[in-house]
Every structure is written in C-alpha cells, then in structure tokens.
Amino acid sequence: MKIIQCIADIEELKSRSTIPLPYLNIIETEFFEWFEAEGNGEPIIAFRLPTHSCIYHLEDEQDTSFIANQILKIEFVEYETAADRKYFRLGLMNEHEMSLVFFLEGTIEQRMEECLKR
C-alpha cells in the first residue's frame, strides 16, 4: 500500500512505470483538486495531506486486510474504467474526515472485490 500525501508520492508512483498512466492521472487529478480546495497559498511542492485524510493506492493482495479493517468506514464505492483498465475508488470516513482508496481490479482478493462491486 502506498500512502499519498504529497506530490512527491505521486511522482514516485510514476517513476515505477508499472501503473497504467490513465489510472495514475486520475489519482493525480484527485490530489490536485484536494490541493485547490485545501491549500493555503503554499506551493504544490509544500502541500501535504494529513494522515487522517489522504489518498491510498493499494498495490497487492496483502492490502485486502486494510479494506477488511475499514469496512465499516466505507462511505461509497465506485467501480470505474480508465483506458480499458477497471479500478475501484472508495471513500473512507473517519471522524468527519474523508480518505480515498484507489486500486486496480485484480489487486486485492477476488472475494473482497466482488463484495465491493455489490
């Protein structure tokens, strides 16, 4: 799991070259929208999302436990497509603060993905 709190985290994901760019662009757009809404005039390079309200990118099946532990906090589930790749976008509410979780289809355990599609 990769926690995304600053633009450097997104750049690190891009440098891996293993994540489809259209999907990564969606995460980046979400980050920029958060920056526009909550940035206090600081430059993008200095902007940082707090730990309790950030973006998560799930990377492998071991991240299934993260979702299972957050199941009661899930506010919404979106199942979308970016350049022929399906991905999930989940909103987690934690004491009036929202975090977003992104992952490509086939990342976590299939049983959990099927549950989230319902």
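The values are calculated or read from the model by the stated rules, or taken from the named source; none is laboratory data. These numbers were taken from a predicted model, which means no experiment stands behind them. Using ideal geometry, Cβ is built from the backbone for each residue, glycine included, and neighbour counts are taken over all protein chains shown. To get the accessible areas, we keep the full protein, side chains included, count just its heavy atoms, and leave off ligands, DNA and RNA. Shrake-Rupley method; radii C 1.70, N 1.55, O 1.52, S 1.80 Å.
Here is how the numbers come out for the structure above:
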quantity: Condition check for MET93: open to solvent by less than 60 Å² (accessible area, probe 1.4 Å) and at negative phi; calculated: no
quantity: Hits in region 23-82 - residues which are assigned to a loop (DSSP other than H, G, I, E, B), farther than 29 Å from GLN110 by Cβ and open to solvent by less than 70 Å² (accessible area, probe 1.4 Å); calculated: GLY39, GLU42, ILE44, ALA46, PHE47, LEU49, PRO50, SER53
